[in-house]
Amino acid sequence: MKKLLTISILALLSACGEKDSGSTEKGNILENLSYSVDTLVVDSGDDLFNLSMGIRDLDLTEDRKQLFYFENMPPKLLQVDLDNLKLLSKTEFEQEGPDGVGRFVGNIQVGPNNQIYAVGLSELGIYNLSGKRVQNLKFQPKGIDPDLAKNSNALFFNSVYDFDTQQIYSWPNSEGSNSNFFYKIDVAPESAEQIEAPEMEIVHQYSLTAEDNGSYMVSPQQVYLSRYNGKILIACSAMGDLYEYDTQTGSLKFIEIKHQLVPDRLTGEVTNKLQSREDFEKEMAKINSQTRYQKLHWDSSREMFFRLAMKALPRNNPEEQTKNEYFLLAYDQNFNLMGETKLQDIDKLDYNPFFKDGKLYSYVNVADELGFAVFTFDF
């Protein structure tokens, strides 16, 4: 059995800028934030972790005690006990056939009784922990553009599933749609409706594509879907504002957030369809040098949302690994800004962190073992 590795690092964060530049009307609760970091390693028992691709997507049970994610090629579902830091199970799934999950699983969601909503490149459905597909959700919904309805990967890959109502909420990727539509998909009648979100035009404005000697390159702005209190939150990397969709009333509300420490959205002219790798990398660097937002995280222990924002630091040469500057933002339940601060001495975090017991967990590879850098924030 492998032993728990704990590394403690203490860091104090100084105030950012002038006292009132990073505060809200009620004050900046993160102005004097301090944090500590513990690195925790999960015991794999007699098994091994395959971390060659890191963790592409993950989800936690409602009580935040267990984490699920897929290793890919071949697809294997891992169940991790976060309280006791041990691997509970690893189950290989079929790629094809009646129980097939596809070659690559990029979207996973845990439902009641540990049912798994899994979306692969060619398959999607509800699965049990034994790898059996209990419901096939691959269909062509009526009521929307037929070409998009046929493109399962584009329509469903970035989606969330409501296990109670059997509805799927989706933001299609650019392969299937360049419009600013959010989709509500009803499973039973296999129908869908599109809902316009005009402010999301910024996603397409700052997403890049290039083709150079047969090599195709993309650098998209990310769209984040999450569920909270009967609402679907639609946020993106290109701006701090977001949309809130009420699943009961069918209303869509745009929520504008005015930050003081970081810019509210990407700005400037970019060319988003390019013909060479050199031009592609120049435009990408231009975008990445600005602040980009990450997913909203609800912290039930403090009853507030947290969010990370980041921007790339200049590199001395093309071979140098990219380092980032990170900011922590806090909002109340109505998305009023409560606090913001720069996270000193941090230049790299995993792209898919999560909160548990008021602490931020970020995946790290510790000598090919599954680990997490766990940040404890004090403010």
Note down all Cβ pairs under 7 Å where the first residue falls in the stretch 329-346 and is under 17 Å from Ile255 (Cβ atoms), the second is of a type in the set (Val, Ile, Thr) and part of a strand (DSSP E or B), and they're at least six residues apart or on different chains. Phe335/Ile255
Kindly provide the set of residues from the stretch 318-359 that are open to solvent by less than 30 Å² (accessible area, probe 1.4 Å), modelled with pLDDT of 95 or more and among the charged types (D, E, K, R), ordered by number. Glu340, Lys356
Taking the stretch 124-156 and keeping residues within 17 Å of Ser191 (Cα to Cα), aromatic (Phe, Trp, Tyr) and in contact with a strand residue (DSSP E or B) (Cβ under 7 Å, 6 or more places away or on another chain) leaves Phe156
Check Phe377 against each of (1) out of contact with any Ser or Thr (no Cβ under 9 Å at 6 or more places or on another chain); (2) open to solvent by less than 20 Å² (accessible area, probe 1.4 Å); (3) more than 26 Å from Asn107 (Cα to Cα) and name the one condition it does not meet. (1)
Per-region count, the stretch 245-279, residues closer than 19 Å to Gln221 by Cβ and either surrounded by fewer than 13 Cβ atoms within 10 Å (Cβ to Cβ) or under 24 Å from the mean Cα position of the chain (by Cα) (or both): 15
Residue in the stretch 223-233 that is part of a loop (DSSP other than H, G, I, E, B), under 22 Å from Gly102 (Cβ atoms) and open to solvent by 50 Å² or more (accessible area, probe 1.4 Å) present: no
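The values are calculated or read from the model by the stated rules, or taken from the named source; none is laboratory data. Only a predicted model underlies this, so the values are computations on that prediction, with no experimental measurement involved. For neighbour counting, all protein chains shown are included, and Cβ atoms are generated from backbone atoms with ideal geometry for every residue, glycine included. Surface areas here come from the heavy atoms of the whole protein model, side chains and all, with no ligands, DNA or RNA. Shrake-Rupley method; radii C 1.70, N 1.55, O 1.52, S 1.80 Å.
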